[in-house]
Every structure is written in structure tokens, then in C-alpha cells.
Amino acid sequence: MIIYMKNIDKKQDIKPWEQLSNMYPGLVKPIEESWNDPLSIRKIYMITPTKTRAEQVADLTRLAQTLYLIPNLIWIVVEDESQLTRRIHRLLKSFHLPFVHLNIATPDYMKPTQNQSTWRRPRGMFQKNVGLQWIRQNTNSNDDALIYFADDDNTYHWKLFQEIRKVQSVGVWPVGLVGELFYERPVCLKGKVYSWFHYVYRKRKFPTDMAGFAIHLRLFHQYSNYTFNVSANSVAEQESQILDTMTTMDQLECLANNASKIYVWHTKTQSMFLTPIEKLRNAGMNYDLIGEL
């Protein structure tokens, strides 16, 4: 799309989009490729669980910057809270992206204790289930759309979403910086998976990360009773359970150039140590940008 704008000083029409293209080709290329891709007609529903923490706004803001490049995507953000928070709703509205804002609190007994590894408890599963419930209630089984689960602190290349739109049933691809490796990936030949490159939890039937696959909407309607298992025993098995329900190894579609390209990384935002509020008050200090936190 070309937008014409009147330049009063030069007394002539200019084309800002062409100027932007000349100045910042690295910005314009993904926008043009994404929006001109014939497959962009296929909608993506992206479910992102999120929990209140100091880094939450920063993580969601960073993710939103990527989503500006992606057409025809509905961002389903599910808070781990007993009710929707105004701060996150206000943040999501400020992005001017198509979004759905939902919530459900993880029961306290399912949360990891202070000294317990997060791997010992299922994370984001209650929230994913609520996202799937909304999708089933607001879509039809014959809609041509894809479902993708996206952590709020992962890193996503815009080309990942082009790969997602290629999925016919269930598609898989590599994920970087995961499983104590530089990457995990399906090992493919001519578009089919015949083994996996992975190290931890080696007995998994489908040893991939949640960021390493997308599933067609019709399968969630076909398996309408499927929900993520929220028991502690299911940790590290969530991906295998959903894939084993909806597909087989032979049916998997190997994408990202036969799984030779990495377009998503399982990065994690480091939790920051913050001086307690009480200590700040004792020092005569108070935060005055409360609305920005």
C-alpha cells in the first residue's frame, strides 16, 4: 500500500512508504513480505499466558513490536490472575493490535515454591486451556486458521509466522536455546520427521518445545474435549500429550526448510532483584511513575 502525503514546502506529492523503504529496507522487507504473502489470508490465533511480575510489561511490549509485522493475527493474552488487571488491559489497548484479554488464576498449590524449580509445576496450562475454550466458542470447525502457543518472553522472527501459515494439520520446526542445547529440532527428510535432535527428557514421544509447533483449528474442534493436563506429573510431557492426541509422527509436517532454520528462541527474561518498597520509603524515596510499572 502506498500512502500519498502533501509536502507543503516542496509543493509536490511524495510517497512516504517509498522513502521509508529507501531509508530502512530492513524494516520494510518483513512488512511487505508478510502482508503480500498470499497465505496471510489464513488467520493465526496466538495464545500467550502471562503472569504479574516486574518484567511483564517489558516482555509484552517487546512481543507486541514483533506482532506489528504480522497480518491477520489474533493475540489471546491470558493473565494468571483471579480477575483482569487494568494495567495489562490498558497496555494491550495501547498497542492497537487485535487482541483478546482473558484471565484465570493458577491455584496456589500448583505454583512452585520459592525454592522449587519451575519445572516441577505446570506453567501456563490453566491459561492455555482458557484460551482454547475461547477459541472453540468463537470459531467454527471449518474455519481455516492456525493455533500457536507463544510465551511472552520468547523471541520470535517474523518469518516464523509465514511458516505457521503453511501448516495443514500439525507443523513442526526447530526451537533455539532450549533443552540445555543451542537448539532442539525435528530431523527431517523431504518434509517428513524421522527422528529428533534433543538431550533432556529423552523418553518424550515428541521431544519438542511448545514454541516448536502449530496446529490447525479444526483439530481443536475435532478433539473438543482436549485440555492440557495440569497435574504435576505431566511436566515436560505437555507437548507430547497434545501432539500424540492430534497427530502421529508420520503425519507431522516438517517446516522451516526441512527444519534447517531457527525462527524462534526459548529466551527467558531474568528476574530482577528489586529493593523492597519499605526500604525505599525509609530512605525517603517513592515511585512516581506507578502507571508505567
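Selection over segment 12-52 of residues that are under 30 Å from Glu81 (Cβ atoms) and assigned to a strand (DSSP E or B) gives a count of 8.
Taking the criterion of being of a type outside the set (S, T, N, Q) and either modelled with pLDDT under 95 or touching a His at 6+ places or on another chain (Cβ under 6 Å) (or both), the residues of segment 244-271 that qualify are Tyr263, Lys268. Of all residues in segment 175-228, those that are among the β-branched types (Val, Ile, Thr) and either crowded, with 20+ Cβ neighbours inside 10 Å or outside the structural domain of Tyr148 (by TED's automatic domain parsing) (or both) total 5. Say whether the condition of being over 16 Å from Asp244 (Cα atoms), assigned to a strand (DSSP E or B) and modelled with pLDDT under 95 is met by at least one residue in segment 172-181. Looking through segment 172-181, none of the residues is over 16 Å from Asp244 (Cα atoms), assigned to a strand (DSSP E or B) and modelled with pLDDT under 95. Each residue in segment 182-209 was checked for being in a loop (DSSP other than H, G, I, E, B) and aliphatic (A, V, I, L, M), and 1 of them qualify. There is at least one residue in segment 79-97 that is under 15 Å from the mean Cα position of the chain (by Cα), assigned by TED's automatic domain parsing to the domain that holds Ile164 and closer than 17 Å to Phe149 by Cβ. None of Ser240, Ser231 is over 28 Å from Thr155 (Cβ atoms) and either out of contact with any strand residue (DSSP E or B) (no Cβ under 6 Å at 6 or more places or on another chain) or surrounded by 14 or more Cβ atoms within 10 Å (Cβ to Cβ) (or both) except Ser231. Contact map, segment 100-115: residues that are in the same structural domain as Ser231 (by TED's automatic domain parsing) and farther than 30 Å from Asn72 by Cβ paired with residues that are surrounded by 15 or more Cβ atoms within 10 Å (Cβ to Cβ) and at pLDDT below 80, Cβ distance under 6 Å, separation 6+ or inter-chain. Pairs shown: Met110/Arg121; Pro112/Arg121. The condition of being in contact with an Asp or Glu (Cβ under 6 Å, 6 or more places away or on another chain), in a loop (DSSP other than H, G, I, E, B) and among the hydroxyl-bearing types (Ser, Thr, Tyr) does not hold for Thr275. Output the residues belonging to segment 60-96 that are aliphatic (A, V, I, L, M), buried (at least 16 other Cβ atoms within 10 Å of the Cβ) and outside any strand (DSSP E or B). Scanning segment 60-96 gives Leu60, Leu63, Ala64, Leu67, Leu69, Ile70, Ile88, Leu91, Leu92.
Scanning segment 243-278 for residues that are over 21 Å from Tyr201 (Cα atoms) and among the hydroxyl-bearing types (Ser, Thr, Tyr), we see that the one that is surrounded by the most Cβ atoms within 10 Å (Cβ to Cβ) is Tyr263.
Between Leu27, Leu92, Leu73, the distinction of being touching a strand residue (DSSP E or B) at 6+ places or on another chain (Cβ under 7 Å), free of Cβ contacts under 8 Å to residues at least 40 places away in the same chain and of a type outside the set (D, E, K, R) belongs to Leu92 only.
Residues checked against (1) touching an Asp or Glu at 6+ places or on another chain (Cβ under 9 Å); (2) at pLDDT 95 or above; (3) of a type in the set (Asp, Glu):
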residue: Met1; (1), (2), (3): no, no, no
residue: Lys51; (1), (2), (3): yes, yes, no
residue: Asp59; (1), (2), (3): yes, yes, yes
residue: Arg62; (1), (2), (3): yes, yes, no
residue: Gln83; (1), (2), (3): no, yes, no
residue: Ile88; (1), (2), (3): yes, yes, no
residue: Leu91; (1), (2), (3): no, yes, no
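The values are calculated or read from the model by the stated rules, or taken from the named source; none is laboratory data. Every value quoted in this text rests on a predicted model; they were computed, and no experiment measured them. All Cβ positions, glycine included, derive from the backbone under ideal geometry; neighbour counts span all protein chains shown.
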